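What follows is one structure encoded as structure tokens, with my remarks underneath.
The values are calculated or read from the model by the stated rules, or taken from the named source; none is laboratory data. None of the values given here were measured: they were computed from a predicted structure. Glycine gets a Cβ as well: all are built from the backbone with ideal geometry, and neighbour counts include every protein chain shown. Areas reflect the complete protein model, heavy atoms only, side chains present, ligands, DNA and RNA absent. Shrake-Rupley method; radii C 1.70, N 1.55, O 1.52, S 1.80 Å.
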Amino acid sequence: AQKITQTQPGMFVQEKEAVTLDCTYDTSDQSYGLFWYKQPSSGEMIFLIYQGSYDEQNATEGRYSLNFQKARKSANLVISASQLGDSAMYFCAMSSGSYIPTFGRGTSLIVHP
Amino acid sequence: EPEVTQTPSHQVTQMGQEVILRCVPISNHLYFYWYRQILGQKVEFLVSFYNNEISEKSEIFDDQFSVERPDGSNFTLKIRSTKLEDSAMYFCASRPRGQSTNEKLFFGSGTQLSVL
């Protein structure tokens, strides 16, 4: 079975500051993928970034980076230089043996001006 | 980028009525999914569909739910007799092959179902 845990129900950050959203996971599979999605108030799910379990380098996509610590089973999302438009729900997800992505409960991020 | 299209964006129905939620996945994708999200809660897997049959389903996906791909492009979720607790956002998603851990899900914009 695979499990995703996001322990931060809500986070606040000042505009232009960096913020880290936590995600830990549990799986017995050696091969797995970790994803982050953004859900703005309009409701759609927007893919942000992917990290494979065998990737040696942390994934980066523009202002998004993934702090992947395999031994700790964590895959934290780092957003640099936060913008007001980053205010949204953020979901961590994992795909392992069954290939069906499982989602965490999400973290609500609010960016203050 | 190609998109998954869902209609309607909002659906209001009376308890006990049947609803059909529609999705058009990305044309060359092979695996299709329905997820739901009750307001403020996690995104929950309902069912996956491949080669015109259900490949996996969760315990949420009981006999009141069914899926089909009637014409090779549309992918529908039917709730036979809606209950108040079926009120949620329903997301359709697709993946190119679905047999890999590195494939992201392409989500539609969701259908907000309200059961009164």
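Inspect region A:41-60 for any residue being away from chain B (no Cβ under 14 Å), within 13 Å of the chain's Cα centre (by Cα) and loosely packed, with under 15 Cβ neighbours inside 10 Å and give the result as yes or no. Yes, the conditions are met somewhere in region A:41-60.
Pick out the one residue from B:58, B:27 that is within 11 Å of chain A (Cβ to nearest Cβ) and either surrounded by fewer than 16 Cβ atoms within 10 Å (Cβ to Cβ) or of a type in the set (Ser, Thr, Tyr) (or both).
Details: B:27 fails: within 11 Å of chain A (Cβ to nearest Cβ).
B:58 is the lone residue from the list that is within 11 Å of chain A (Cβ to nearest Cβ) and either surrounded by fewer than 16 Cβ atoms within 10 Å (Cβ to Cβ) or of a type in the set (Ser, Thr, Tyr) (or both).
Please determine whether any residue of region B:30-45 is open to solvent by 80 Å² or more (accessible area, probe 1.4 Å) and within 21 Å of residue A:91 (Cα to Cα). Write out each step before concluding.
Step one: list which residues in region B:30-45 are open to solvent by 80 Å² or more (accessible area, probe 1.4 Å), which gives B:30, B:39, B:41.
Those still in the list that are within 21 Å of residue A:91 (Cα to Cα) too: B:39, B:41.
Yes: one or more hits.
Residues in region B:91-114: is at least one surrounded by fewer than 20 Cβ atoms within 10 Å (Cβ to Cβ), modelled with pLDDT of 95 or more and away from every other protein chain (no Cβ under 11 Å)? Yes, the conditions are met somewhere in region B:91-114. One residue stands out in region B:33-50 among those that are at the interface with chain A (Cβ under 7 Å from one of its Cβ atoms) and part of a strand (DSSP E or B): the one that is nearest to residue A:37 (Cα to Cα), namely B:43. Of all the residues in region B:40-50, those that are farther than 23 Å from residue A:43 by Cα and either within 11 Å of the chain's Cα centre (by Cα) or β-branched (Val, Ile, Thr) (or both) number 1. Among the residues of region A:1-17, the one identified as among the aliphatic types (A, V, I, L, M) and open to solvent by 70 Å² or more (accessible area, probe 1.4 Å) is A:1.
Counting the residues of region A:83-111 that are in a loop (DSSP other than H, G, I, E, B), at the interface with another protein chain (Cβ under 7 Å from one of its Cβ atoms) and more than 17 Å from residue B:31 (Cα to Cα) gives 3.
Tell me which strands (runs of 3 or more DSSP E) are completely within region B:51-116 and hold 3 or more residues being touching a residue at least 40 places away in the same chain (Cβ under 8 Å) and under 11 Å from the mean Cα position of the chain (by Cα), or say none if there are none. Walk me through how you get there before you give the answer.
Details: elements: B:53-57, B:65-68, B:75-79, B:88-95, B:111-115.
Of the strands (runs of 3 or more DSSP E) lying wholly inside region B:51-116, those with at least 3 residues that are touching a residue at least 40 places away in the same chain (Cβ under 8 Å) and under 11 Å from the mean Cα position of the chain (by Cα) span B:75-79, B:88-95.
Looking only at region A:61-82, filter to residues that are within 14 Å of chain B (Cβ to nearest Cβ) and among the hydrophobic types (A, V, I, L, M, F, W, C); which one of those is surrounded by the most Cβ atoms within 10 Å (Cβ to Cβ)? Top of the filtered list is A:75. The residues of region B:61-88 that are open to solvent by 20 Å² or more (accessible area, probe 1.4 Å) and in contact with a Lys or Arg (Cβ under 7 Å, 6 or more places away or on another chain), listed by number, are B:64, B:66, B:74. The residues of region A:1-54 that are assigned to a strand (DSSP E or B) and among the polar types (S, T, N, Q), listed by number, are A:5, A:14, A:20, A:24, A:39, A:51.
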